[in-house]
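A.B. asks: Here's a structure for you.
Taken together, the values in this text are just the output of simple stated rules run on the coordinates, not laboratory data. Everything numeric in this text was worked out from a predicted model, so none of it was measured. Heads up, the Cβs are rebuilt from the backbone with ideal geometry, glycines too, and the neighbour counts pull from every protein chain shown.
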Amino acid sequence: MRVALHTKVRADRVEEYEAAHREVPEELTAAIRAAGVSEWTIWRSGTDLFHLLDVADYPAMIAELEKLPVNIAWQARMAGLLDVAHDYSADGADASLPVVWQL
């Protein structure tokens, strides 16, 4: 399934956010892949971040990553950089953007 998400980086933390994503821990990327994600791309427009994921089952991915220590640590790091964060709670499984149109 393809899932789109919207988050926001703090205006004064853009460079730090981008630097962090140049150094995503291998343990985290391995966990994300093991949770069924084949691709995850993030685009930035100003402070708006748009994520596009190709994932086998998004709610299952959220459930699998929610309690992993490496993801908890990453999300804590991101919380200091973001105004709107990706929700890894059970409620976050419904956080994707609805499809309006597709060619």
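A.B. asks: Stokes-Einstein diffusion coefficient for the chain at 25 °C in a medium of 0.890 mPa s, Rh from the Kirkwood formula over Cα pairs: what value in µm²/s?
C.D. replies: 174
A.B. asks: Here's a follow-up. Give the relative contact order (percent, whole number) for the chain; include only Cα pairs under 8 Å separated by 6+ residues. Show your work: numbers first, answer last.
C.D. replies: On the way: 139 pairs, mean separation 41.4, N = 103.
Reported relative contact order: 40 percent.
A.B. asks: Suppose R0 equals 30 Å. What FRET efficiency, 1/(1 + (r/R0)^6) with r the Cβ-Cβ distance, do residue 15 and residue 102 give to the nearest 0.05?
C.D. replies: In this case the efficiency is close to 0.35.
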